Amino acid sequence: MDISRGDVLGSSGASDLFQILRDGRSRTRTELANLTGLARSTIALRVDALMQLGLVSPTADAPSTGGRPSSQFALATDIKVVLAVDIGASHVRIAVSDPAGRPLEEDSANIEVARGPEAVLNWVIEAGDALIKKTGRSLSDLLAIGVGLPGPVEYSTGLPINPPIMPGWDRFDVPAWLKGHFNVPILVDNDVNIMALGEREVAWPDVEHLIFVKVATGIGSGLISGGILQRGAQGIAGDIGHVQVPRGADVPCHCGNRGCLEALASGPAMARALREQGHDTASSQDVVELVKHGNLDAIQAVRQAGRDLGEVLTACVSLVNPSVIVIGGSMAQAGEHLIAGVREVVYARSMPLATAHLQITQSNVGANAAVLGAGMLAIHHALSPARVEAMVSNIDAIAAGA
Ligand SMILES: [Zn+2]
């Protein structure tokens, strides 16, 4: 075995170089040498290894045949891909995205998650295959798959744990089922966490401390602190839907407790409260429609839901001091009324320093947040220093063995 060659390629060095190139900017070997302090000859070897992996490509003035090779390099966005999967209560969306997170091809279907994991995941496999083909790639170009599920997920194993609206999914091995076909790393997380990733990536790339709150059929939040998505010990960090709110004392919740935030401020809870006032509101969407038509009862119900949410978020603000709180999910379409209720309580009840620069705002990314976030989940894993290092070591080993 030729150890010196492996040494020269220095897998960790190649990975460091790649992390510099991940921002998508083109750089010459000289610029890379200046940035890293490495010799140009070393840079050349490492760039070659990254090009072999399809992670980096030449960018400027590449001659079509022969001639001098191009002298600038950047993250390759035309070779490798990830699959991004957003599984909701009654829909599945899937995208093939490039390593910069841009969706290249997308598909969706109205499938009830209650049909069970096999029906839903088999659709994902079929649609994923078709989309990869459509982009002109093959399965060998797939780096990883990110999946969002509408329930609690143990992130370390990718298993859904007692998900309330997902019969048949409890502890179903989602990663193993997909890996059986795609054979790449499969990352599974709850939908609110991937929405937080997507929202941050698109709308708040420079914000380090952000809480994304989804208000829809259920209520949950995704917490980004110090620039990193915080999942907690078991993956359930941010699950604020079952915190008790003062107004809720006797209202039963599907979790078995009483007075939960979700039992008072979710879309179905607002629809139910409005039915009791004589309105024909069967769903969250009906509530949004009433608000849009200026119905006073509906506006008041949404604003009160915002205040309930504000009670819980006030505690979150004290605990993690975010600079942005984003409200998303279908009820965010009720517009400023929900946000106004949240602001009313949070600004009144928090310490001045905590709210001095705190923005509370509506989601910018909307329905795309989940699929974009699922893509980011896959990319963050596939292009992490450890994974790139492993890929480079692998080609080093093949070269050494040859
Ligand atoms: Zn509850």
> Residues with amide H under 5 Å of V243's amide H, sequence separation 5 or more or different chain, H placed in the peptide plane at 1.01 Å from N; which?
Replying inline: L261, E262
> Given H placed 1.01 Å from N in the peptide plane, which residues other than close sequence neighbours of L104 have an amide H under 5 Å from its amide H?
Replying inline: V96, S97, D98
> Hey, what do the phi angles of the stretch 370-379 turn into as Karplus ³J(HN,Hα) couplings, whole Hz, using 6.51/-1.76/1.60 and θ = phi - 60°, x for Gly and Pro?
Replying inline: 5, 6, 5, x, 4, x, 5, 4, 5, 5
> In terms of the Cα gyration tensor, with a ≥ b ≥ c the square roots of its eigenvalues, is the stretch 123-168 rounded because a/c is under 1.5, prolate because a/b exceeds b/c, or oblate?
Replying inline: prolate
> What residue among L38, L143, L159 has the largest mean-square fluctuation in a Gaussian network model of the chain, using Cα springs under 10 Å?
Replying inline: L38
> How long is the chain along each principal axis, judged by its Cα atoms, biggest number first, in Å?
Replying inline: 77, 49, 38
> Rounded if a/c is under 1.5, else prolate if a/b is larger than b/c, else oblate: which is the stretch 202-298, with a ≥ b ≥ c the root eigenvalues of its Cα gyration tensor?
Replying inline: oblate
> Given the chain, what count of lysine pairs have C-alpha atoms under 21 Å apart, with each pair 8 or more places apart or on different chains?
Replying inline: 6
>> Quick check: from the Cα gyration tensor, does the stretch 241-327 come out rounded (a/c under 1.5), prolate or oblate?
In response: oblate
> Using 0.36 nm per residue, how much length does the chain from E106 to H181 gain when fully extended, once their Cα-Cα distance is taken away?
Replying inline: 25.1 nm
> Residues with amide H under 5 Å of G329's amide H, sequence separation 5 or more or different chain, H placed in the peptide plane at 1.01 Å from N; which?
Replying inline: V215
> Can you pull the semi-axes for the stretch 117-237, root of five times each eigenvalue of the Cα gyration tensor, sorted largest first, whole Å?
Replying inline: 25, 19, 13
> Taking other Cβ within 10 Å of each residue's Cβ, how do S15, S90 sort, fewest first?
Replying inline: S90, S15
> Using the Karplus equation 6.51 cos²θ - 1.76 cosθ + 1.60 (θ = phi - 60°), what ³J(HN,Hα) coupling, rounded to whole Hz, does each residue of the stretch 353-362 give in order, writing x for Gly and Pro?
Replying inline: 5, 5, 9, 3, 10, 7, 9, 10, 8, 7
>> If the elastic network links every pair of Cα atoms under 10 Å, which of G128, G136, G329 fluctuates the most in the Gaussian network model of the chain?
In response: G136
> About its Cα centre, what dipole magnitude does the chain give when the only charges are +1 on Lys and Arg Cβ and -1 on Asp and Glu Cβ, stated in debye to the nearest 20?
Replying inline: 540
> How much of the DSSP beta bridge set in the chain is antiparallel, as a percent to the nearest 5?
Replying inline: 60
> From the phi of every residue in the stretch 386-393, what ³J(HN,Hα) in whole Hz does the Karplus formula 6.51 cos²θ - 1.76 cosθ + 1.60 yield, where θ is phi - 60° and glycine or proline is x?
Replying inline: 5, 5, 5, 4, 5, 5, 5, 4
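FYI, it's all coordinate maths here, none of it is from the lab. These figures come from a predicted structure and were not determined experimentally. Here Cβ is always computed from backbone atoms with ideal geometry, including for glycine, and neighbour counts include all displayed protein chains.
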